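The values are calculated or read from the model by the stated rules, or taken from the named source; none is laboratory data. Keep in mind the model is a prediction, meaning the values are calculated, not measured. Note: accessible area is taken over every heavy atom of the protein model, side chains too, but ligands, DNA and RNA are not part of it. Shrake-Rupley method; radii C 1.70, N 1.55, O 1.52, S 1.80 Å.
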Amino acid sequence: MGKLYESIDEKLAAWIGRQRMFFVATAPGEGGHVNVSPKGPIDTLRIVDGETVEYVDHVGSGAETIAHLRDNGRICVMLCAFDGPPRIVRLHGRGEVVPADDVADGTRGMIRVHVERIADSCGYGVPLMDYVGERPQRDKWLASKGEDGLREYVREKNAASIDGLPAVPVD
């Protein structure tokens, strides 16, 4: 039922581009909490080449992905079809953090994934869902914080993971 791919070809890249969101899973090397994060919109994910993807890392309430990547580099990006034929695609690999020069625009940088395994599966358990639109809250929250407020927020909330691992470097 599932298929392994040698690389992200044009057909798979087109399917990825039609999805509305994706999920990222990471875990620390020794104990600690596994993390799964919803990400999107899909245009924040870019296919660099057949074995590399990257996505914009937005300022958020935590920094687990960054901390886990700094710890051991393991990452899985998962996409599911919520409309059309059922399908799940997982991109397993090693991730790296490409930090932004400044978090004042609401991004901490890019997460680059060097994909080592590409597999799909049936997706029969994924529900059919209708896309309504993007949520407006993030842009409103960014505007309410302002540049200095965002920098302070990152210092307070993103310097370490929930397990105390270093995440976003603080000046």
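Taking θ = phi - 60°, what integer Hz values does the Karplus form 6.51 cos²θ - 1.76 cosθ + 1.60 yield along segment 105-114, in sequence order, with x for Gly and Pro?
8, x, 10, 8, x, 10, 10, 9, 10, 8
When the accessible area of the chain is split by element with a 1.4 Å probe, what percent falls to carbon and sulfur?
52
So how long is each side of segment 25-81 along the principal axes, counting just the alpha-carbon atoms, biggest first, in Å?
32, 26, 22
Among the lysines, which fall within straight-line cross-link reach of K145, defined as a Cα-Cα distance under 17 Å, with same-chain neighbours fewer than 8 residues apart omitted?
Within the straight-line cut-off, K145 pairs with K157.
To check you understand DSSP bridge types, tell me what percent of the beta bridges within the chain (both residues inside) are antiparallel, rounded to 5.
Values: 42 of 42 bridges.
So the antiparallel bridges in the chain amount to around 100 percent.
Distance between the C-alpha centers of segment 7-60 and segment 62-110? Whole Å please.
Taking the Cα centre of each part, segment 7-60 and segment 62-110 sit 5 Å apart.
Check which residues have an amide H placed less than 5 Å from A159's amide H, if you skip close sequence neighbours.
So A159 has HN proximity to V168.
When N counts the residues of segment 1-106, how does its alpha-carbon radius of gyration compare numerically with 2.2 N^0.38 Å, as a ratio?
So segment 1-106 has a normalised radius of gyration of 1.10.
Could you tell me the extents of segment 39-156's C-alpha atoms along the three principal axes, largest first, rounded to whole Å?
46, 35, 22
Lysines within cross-link reach of K3: Cα-Cα under 17 Å, excluding same-chain residues under 8 positions apart?
Partners found: K11.
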